[in-house]
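Report on the structure given below.
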Amino acid sequence: MKVIPVYIEAGISGFESPAAEYRELNLSLEELLLQHPNATFFGLANGRSMEGRGIFNGDVLVVDRVEHISNGSVIVANFNGCFVCKIIDTDNALLLSASDEHKPIKISESDDFQIEGVVNVSFRLHKKLPVLLSCLG
Amino acid sequence: MFGLVDAVSFYARAEKVFDPSIRHKPVVVLTNNDGCICAVCPIARQLGVPKFVPYFKVKSFLAKHGVVVRSSNYELYADLSERMMNVIARYSDNHYVYSIDESFLHFKNFSCVDNWHEYGHVIRKAVWRETRLPVGVGFGATLTLAKAANHASKKLSGFDGVAVIDDKASRKEILSRMSLTEVWGIGSKLGKRLSILGLKNGWDLANQSPKAMRGQFGVVVERTVNELNGMPCLQWDEIGQDKQEIFSTRSFGQRVTDGHALKAALSSHASIVGAKVRRQGSLIKRLVIFASSSPHDDSYYKKSVIYEFPIATDNILKLVGAISYVFDNIYRQGVSFYRCGVGGVELENSQFQQQDMFSLSVNNPPLMKCYDQINHRYGRGAVEVAIAEKNEKWAMRRNFLSPRSTSNWSEIPKINC
């Protein structure tokens, strides 16, 4: 993320702002939300089956490939050539949804299945940005 | 110990990272302007898809076999390359990025590794896990042996992505299965001359007398023989040496007949060359400027001119000025130009420039620094010499471009919930 910081100084011209010496690096959203920036990618949620876990249609998913996967993790996987976001049931090889309307999916040997990463962070844009909506097209 | 890590058919595999629907399909990637096939994934290779052939010649063959065709997605490859290199760099005390998908490792003060084979797999697994790119890892006592081991790790049967050359047996096994031209530094011409002597493979070459090789083929081959025997001759610093020649050249998306458009394209290439030259701290003494029609055209036209600067320069205004100066010698009315380019071919170190007592330096480092900084911060092309104005005719043709999933918000992948 490229941010160009602009510092506003309140001092009378000619005097350095008394706050100048307290200046630090600005807060970085990346630093807060990305545990492994190198191994992280973004995707756009499409569908309503994960609403029970707070993931709504049009949210941005932050997918971390390094994060440890455990039973009940929210994961992104390649399921038969599509990226899907589900809850993984590692004990029973099931993909669970966070909604009553969607049944668990059994992962069988004939399925093409690889876990792509874990979703520990997702975020919602309360005003939908046109730049992101074009991904769902 | 030295290591070489590189990605297996990098461009084609990069296409599969964010598109799970093509993971098990044959994929090829085309060069600039969708001209030639430049990368073939392993599945496509099994179908017998050749590399470096013009796309139009194999179009129907590819369609018949359901091969997925993609234009070069440089935005995606650059990002994935950087991620891959960041992962690899964690595993050595010295790391040199040799090309977009290849990097050398140097283990100088690394005593903690006692099993290089295992260590290679640790690197492979980390790169795969974090980037979904498969890499081959080779270790050897010299850079040439590391390169040979890397070749073995990917191309020879019996290796699972990692190969180590650390004794005579492993050296013999790998080198005797490599053809001469697969040895680092042996080109096809040299390979032919060596095979006349009866040499067949890398092991034969390793067993030659270094002195005799020097007499017949020069110091480079002597060094290669020594390196193949585990005696380091290539210094770590040498692989990172500055480039001797720097080019920027490209074919046009649509043919260009207009003189102004050609001049603009050449000027733009000159400014790209200038930026690359400044990045490595060099100055240009001689500039090659060329333009041509397509070799598939009836009356093939090609013109190339060399311009020599009185004093070597990295000043973009001087470089673009040279284009204007020689332009009338290159342009010919009625020719539909297909390709053009500019190259700095005699580069000097800007730190040790020999000054001329009588003429003032034509360089303007503060201006160039400012120019580079603006373009770095706001993106390439934010400031340009006016004559180098972009024209959509010579924009790259990329008809089969995949989404730029890591650099463009409007192209991030869709994930079904």
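Taken together, the values in this text are just the output of simple stated rules run on the coordinates, not laboratory data. Quick caveat: nothing in here was measured; it's all calculated off a predicted structure. Using ideal geometry, Cβ is built from the backbone for each residue, glycine included, and neighbour counts are taken over all protein chains shown.
Just a few scattered comments:
- Neighbour counts of other Cβ atoms within 10 Å put A:Leu132, B:Leu194, A:Leu125 in the fewest-to-most order A:Leu125, A:Leu132, B:Leu194.
- Relative packing of peptides A:26-39, B:140-153, B:173-186 - highest average C-beta neighbours within 10 Å first: B:140-153, B:173-186, A:26-39
- Inter-label distance, B:His24 to B:Glu389: 5.4 nm, where each label sits 7 Å from its Cα along the C-beta direction.
- Using only alpha-carbon positions in the stretch B:34-147, the gyration tensor eigenvalues give semi-axes of 34, 15, 13 Å once each is multiplied by 5 and square-rooted (largest first).
- Each Lys or Arg adds one and each Asp or Glu subtracts one; over the other residues with Cβ under 15 Å from the Cβ of B:Val122, this totals 0.
- For the stretch B:326-342, Karplus couplings with θ = phi - 60° (6.51, -1.76, 1.60), whole Hz, Gly/Pro x: 9, 4, 4, 6, 9, 6, 9, 5, x, 7, 9, 6, 10, 8, 7, x, 9
- Relative frequency of Cα-Cα separations exceeding 25 Å in the stretch B:246-394, percent: 29
- Exposure proxy ranking for A:Phe123, B:Phe18, B:Phe247, B:Phe358, based on other Cβ atoms within 10 angstrom of each Cβ and starting from the fewest, stands as B:Phe358, A:Phe123, B:Phe247, B:Phe18.
- Backbone phi angles across the stretch B:371-382, fed through the Karplus curve with coefficients 6.51, -1.76 and 1.60 (θ = phi - 60°), yield HN-Hα couplings of 4, 5, 5, 4, 5, 6, 7, 9, x, 4, x, 4 Hz in residue order; Gly and Pro are listed as x.
- Shielding by partners, peptide A:34-41 (average Cβ within 10 angstrom, other chains): 4
- Label-point gap, in nm, between B:Glu308 and A:Lys127 - each point 7 angstrom along Cα→Cβ: 6.3
- In terms of packing, defined here as the mean over residues of other Cβ atoms within 10 angstrom, the peptides B:249-258, B:89-98 line up highest first as B:249-258, B:89-98.
- For the stretch B:253-270, Karplus couplings with θ = phi - 60° (6.51, -1.76, 1.60), whole Hz, Gly/Pro x: x, 10, 4, 10, 10, 6, x, 4, 5, 5, 5, 5, 5, 4, 5, 5, 4, 4
- In terms of surrounding Cβ atoms within a 10 Å radius of their Cβ, A:Cys85, B:Cys340, B:Cys36 rank from fewest to most as B:Cys36, B:Cys340, A:Cys85.
- Sequence-distant residues sharing a close amide H with A:Phe83 (under 5 Å, placed H): B:Asn416
- Sites B:Lys125 and B:Ser336 - FRET efficiency at Förster radius 51 Å, r taken between beta-carbons, to 0.05: 0.50
- Size descriptors for the stretch B:134-259 (Cα atoms only): Rg and Dmax, in that order, 17.9, 63 Å.
- Along its principal axes, chain B has C-alpha extents of 66, 63, 45 angstrom, given from the largest down.
- Rounded, prolate or oblate (a/c below 1.5 giving rounded, otherwise prolate when a/b exceeds b/c) for the stretch B:178-240 by Cα gyration tensor: prolate
- Over 28 Å between alpha carbons, listed pairs B:Lys25/B:Lys154; B:Lys25/B:Lys125; B:Lys189/B:Lys318: B:Lys189/B:Lys318
- Computed label-point distance, nm, for sites B:Ser179 and B:Tyr74 using a 7 Å Cα→Cβ extension: 3.1
- Among B:Phe56, B:Phe104, B:Phe290: highest mean-square fluctuation, GNM of chain B, C-alpha pairs under 10 Å: B:Phe56
- For the protein assembly as shown, the spread of Cα positions along each principal axis, largest first, Å: 81, 74, 62
- Remark: mean inter-chain Cβ contacts per residue of B:174-186 equal 0, using a 10 Å Cβ-Cβ cutoff to other protein chain atoms.
- Among the residues of B:202-211, the average count of other protein chain beta-carbon atoms within 10 Å of the residue beta-carbon is 0.
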